[in-house]
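To start, the structure itself, in structure tokens.
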Amino acid sequence: MKLLIVDDLASNRKLLRVTFEANGHSTLEAVDGVEALQILGRERVDAVLTDILMPRMDGYRLCHEIRTSERLRELPLVVYTSTYTSASDEKLALSIGADRYLTKPAPFEIILAALLEASAMTHRAPRAEAWQEVEVLKEYSDRLVTKLEERNLELARANERLTILDRAKSDFLCIISHEFRTPLAGLFAVGDLLMAGMPGTQEKTTVQAMFKRSRERMLSILDDALLLTQIDVRAETVTAASVSLGDVIDRAIERAGAFARSRDVTFAVSGPGMGPVAGDEDLLTRSFFSLLETAVKFSKKGETVDITHELVGDSTKITIDSRGWSITPNAMPKFFDIFSIGETLTPGGDFGLGPALASRILALFGASVGVANRDPAGIRLSVSLQNA
């Protein structure tokens, strides 16, 4: 059997497709009635399995179009939906043109039996008159309006719950960040005192450097995690303004300077004067600081991180090139993933939350960032920003 599955939810279509194909049948998929009719116009199928509530053209209208088509009117047609469950719903679907009416979820055997039963039918009336009857039209319209209102209400309630949970998550992280800093400050102070009492040896220098890196990393993760959460929760309140890209790059280089110097890496900016871009100066500075810090981690001692820019249509492209180490193939797809935080990929350290934070910030303003390996070894970070 060659089956056309019509449903606006990809997960529903996939489940049906996998089930039918595992049992030796072939399938085609459509997201709504419009696409279904386009497919039926060029493909021959043995049966149609359709949902009811879909965008552009719903299942009711699809039933009507099939039954009033000279070429398609004999096509076996089964409605399979979770939107309508009452006896009157079934009656309405059958009166418009469906051969069978099933409610989700149903076992594969039941669905297949309904399709085979529909295929065994020898004659189907056009049923155009059912669609044209005023009472059927009114019932159809009223029912759709009611179901849409119910769905919208459910979505509104779900969105409200998600908003509350997001705010709670943000508040929780704010508390955690504050509460962590208090005992950490004590630990850091004790650590400084203990090391101050150590004899001036090479071992002391090594321990102090390790302690300093650990302290900076812990505080950086707390700051980045908090900012990431705030971006997720309050993204709709962030507005873009005209920002001097040159000032943003200068501030980011200044902030990343100490980290770069600790690794004997320098920055070099080239290209014509930078014009204004759309964004928030503080957030964009934070984003570029994270990208520059990442580039330093992929740089060998004594190398230079090159920063260039060019106009590309109505956007500005910033390129950040490092020389030193490349990204492994398995790490490349998740370079901007939050969960790559713990992966040590270069001698310069792990990713941290920097790349993920930079990507989220840039997305707020319709900007984007990508990464690629260079030859000779190194990475290239490419940022595209909208001109203001």
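On inspection, F172 fails the criterion of being modelled with pLDDT of 70 or more, outside the structural domain of A258 (by TED's automatic domain parsing), within 22 Å of G352 (Cβ to Cβ) and not charged (D, E, K, R). Out of all the residues in the range 291-335, which are under 24 Å from G246 (Cα atoms) and hydroxyl-bearing (S, T, Y)? T294, S299, T304, T308, S315, T316, T319, S322 - these are the residues of the range 291-335 that are under 24 Å from G246 (Cα atoms) and hydroxyl-bearing (S, T, Y).
Taken as a whole, the condition of being under 16 Å from Y60 (Cα atoms), in contact with a Ser or Thr (Cβ under 6 Å, 6 or more places away or on another chain) and at pLDDT 60 or above does not apply to T146.
Quick grid of which residues meet (1) in the same structural domain as L364 (by TED's automatic domain parsing); (2) crowded, with 16+ Cβ neighbours inside 10 Å; (3) part of a strand (DSSP E or B):
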residue	(1), (2), (3)
G246	yes, no, no
I253	yes, yes, no
V269	yes, no, yes
V277	yes, yes, yes
D282	yes, no, no
T285	yes, yes, no
T294	yes, yes, no
K301	yes, no, no
E310	yes, no, yes
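Of the candidates T50, T27, the single residue that is touching an Asp or Glu at 6+ places or on another chain (Cβ under 7 Å), buried (at least 17 other Cβ atoms within 10 Å of the Cβ) and modelled with pLDDT of 90 or more is T27. Considering the conditions (1) free of Cβ contacts under 8 Å to residues at least 24 places away in the same chain; (2) within 16 Å of V6 (Cβ to Cβ), A113 is excluded by exactly one of them, (2). Pairing residues of the range 261-285 that are in contact (Cβ under 8 Å) with a residue 24 or more places away in the chain with residues that are surrounded by 15 or more Cβ atoms within 10 Å (Cβ to Cβ) and among the aromatic types (F, W, Y), at Cβ distances under 9 Å and at least 6 apart in sequence or on separate chains, gives V265/F259; V277/F365; A278/F365; G279/F365; D280/F365; L283/F365; L284/F365. Report, by residue number, each residue of the range 3-33 that is of a type in the set (G, A, S) and not in a strand (DSSP E or B). Listed by number, the residues that qualify are A10, S11, A22, G24, G33.
Here is a yes/no grid of residues against (1) in a helix (DSSP H, G or I); (2) hydrophobic (A, V, I, L, M, F, W, C); (3) farther than 29 Å from N152 by Cα:
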| site | (1), (2), (3) |
| --- | --- |
| R71 | no, no, yes |
| V78 | no, yes, no |
| I110 | yes, yes, yes |
| A114 | yes, yes, yes |
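The values are calculated or read from the model by the stated rules, or taken from the named source; none is laboratory data. These numbers were taken from a predicted model, which means no experiment stands behind them. Heads up, the Cβs are rebuilt from the backbone with ideal geometry, glycines too, and the neighbour counts pull from every protein chain shown.
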